[in-house]
1. Going through segment B:190-210 one residue at a time, which ones are assigned to a helix (DSSP H, G or I) and buried (at least 17 other Cβ atoms within 10 Å of the Cβ)?
2. Looking only at residues that are in a loop (DSSP other than H, G, I, E, B) and in contact (Cβ under 8 Å) with a residue 24 or more places away in the chain in segment A:111-140, which one is surrounded by the fewest Cβ atoms within 10 Å (Cβ to Cβ)?
3. Please go through segment A:161-172 and give me each residue that is away from chain B (no Cβ under 12 Å) and either more than 30 Å from residue A:26 (Cβ to Cβ) or buried (at least 21 other Cβ atoms within 10 Å of the Cβ) (or both), ordered by number.
4. Here are some residues: B:133, B:61. Which one is touching a strand residue (DSSP E or B) at 6+ places or on another chain (Cβ under 9 Å) and either within 26 Å of residue B:209 (Cβ to Cβ) or not in a strand (DSSP E or B) (or both)?
5. Just give me the residues in segment A:131-157 being out of contact with any helix residue (DSSP H, G or I) (no Cβ under 6 Å at 6 or more places or on another chain), more than 14 Å from chain B (Cβ to nearest Cβ) and over 24 Å from residue A:202 (Cβ atoms), in sequence order.
6. Hey, can you tell me all the residues within segment A:11-27 that are touching a residue at least 60 places away in the same chain (Cβ under 8 Å) and in a loop (DSSP other than H, G, I, E, B)?
7. Inspect segment A:102-110 for any residue being without any contact (Cβ under 8 Å) to a residue 40 or more places away in the chain, over 25 Å from residue A:166 (Cβ atoms) and facing another protein chain (nearest Cβ under 8 Å) and give the result as yes or no.
8. Tell me, please, whether a residue that is in contact (Cβ under 8 Å) with a residue 24 or more places away in the chain, away from every other protein chain (no Cβ under 14 Å), in contact with a helix residue (DSSP H, G or I) (Cβ under 8 Å, 6 or more places away or on another chain) and under 23 Å from residue B:30 (Cα atoms) can be found in segment B:137-159.
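The values are calculated or read from the model by the stated rules, or taken from the named source; none is laboratory data. What you see is a predicted model; the values in this text were computed from it and never measured. Don't worry about glycine lacking a Cβ; one is built from the backbone with ideal geometry, like all the others, and counts go over all protein chains shown.
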């Protein structure tokens with residue numbers, strides 16, 4: 001699904017990621033954990049296609065395609081979903097119009113007929129119910145006037161509607177109280193599927209108490225310094241990030 | 001865009017039916033206390049209009065300059081709040097393409113105390129379109145407790161489009177609240193990137209964000 005080989009990334013000539021390797025197979029959940037400044041957000045930005053980040057070396061393959069050759073929107077249309085740490089507010093644009101544009105783009109890319117407005121609304125309402133969100137959630141403006149938790153749930157709703165092959169969720173638990181973390185985790189578990197991979201990027205272990213990863217990686221100083229199973233989470237909780245070098 | 005606006009709840013004022021005075025000024029006087037919002041229309045390329053509020057009334061004025069209308073338009077409108085306790089809303093939007101040129105020159109004169117005015121002019125310029133906005137709030141020495149706001153916001157969708165905006169205050173009274181502001185810029189890069197990560201094409205992104213930008217106006221008119 002995703003194959004990252006000896007990736008080296010810099011921002012304004014400053015090296016942020018180096019010698020980073022990662023392989024994610026279909027259906028797997030990988031947690032990437034690390035302290036502040038480890039390069040977690042840089043990894044998300046590079047995968048999303050943010051051109052403020054320069055890939056100096058290495059390669060990234062996604063679903064058999066060279067990701068680094070693809071435009072931002074091509075990546076999305078190939079089935080990559082990015083859940084942002086700070087979802088951007090777009091006042092004036094309703095979630096339903098936003099998702100309609102995204103679904104129409106997806107249908108076009110797959111050479112399918114454009115879904116009707118009724119079909120789109122039906123699908124969105126169904127996913128809203130599935131995730132237990134307020135029934136009028138689709139009328140809200142994209143991320144505007146939403147609480148931190150609601151913004152993260154809005155990201156999950158988008159993921160539910162767009163049905164990606166791979167979702168990269170950057171600190172979807174940050175800034176949330178424990179009840180909101182539980183709610184986000186419960187909903188994320190509902191979105192697991194045998195052919196869908198998820199990369200959870202996080203500073204804290206607490207969301208991993210509710211979403212069980214198959215693999216855990218520790219990202220520190222721009223590279224992965226330890227990899228293992230869920231037991232690594234307990235080790236980080238007990239001794240922190242200082243034990244890894 | 002135009003079908004989002006429902007003019008049936010407006011009172012349509014066709015300015016072309018008014019007779020100008022020798023200096024070319026058109027005049028509209030309002031004295032009735034409660035009334036529907038007013039939609040101003042004209043086919044003229046140059047208009048000088050004076051609007052007088054003669055009673056304590058609550059009234060909103062709307063007009064728009066769209067692709068469908070003529071190539072150039074030069075509007076000069078003076079609003080006179082001539083009675084205490086008036087509430088005035090002034091709403092204008094423009095969407096100009098190709099070589100369209102529009103100028104909106106507004107003056108809001110607060111002559112009496114306890115009046116409020118809110119002016120919002122918003123628009124989008126494409127291709128080589130050009131627009132000018134000037135808006136002046138004037139507050140007379142006796143217009144105590146004036147509350148006046150004026151804003152002009154423009155999105156430029158091309159490097160060749162040009163906007164000039166000049167909001168101004170002229171205040172001769174101390175206990176008043178007046179604010180003005182203007183923004184001119186391209187679409188928000190972060191918002192665009194967010195839409196891009198959802199697979200949305202450049203054309204569809206512009207359409208969505210422009211619609212979002214005008215939503216404030218659309219909400220007021222529907």
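1. Our first condition is that a residue be assigned to a helix (DSSP H, G or I); within segment B:190-210, this holds for B:190-196, B:202-210.
If the condition is that a residue be assigned to a helix (DSSP H, G or I) and buried (at least 17 other Cβ atoms within 10 Å of the Cβ), then B:191, B:192, B:193, B:194, B:195, B:196, B:204, B:205, B:206, B:208, B:209, B:210 are the ones that fit.
2. A:132
3. Hits for segment A:161-172 are A:166, A:169, A:171, A:172.
4. Working: B:61 fails: either within 26 Å of residue B:209 (Cβ to Cβ) or not in a strand (DSSP E or B) (or both).
One residue alone meets the criteria, B:133.
5. Within segment A:131-157, A:134, A:135, A:136 meet the criteria.
6. Hits for segment A:11-27 are A:25, A:26, A:27.
7. No, the conditions are met nowhere in segment A:102-110.
8. no
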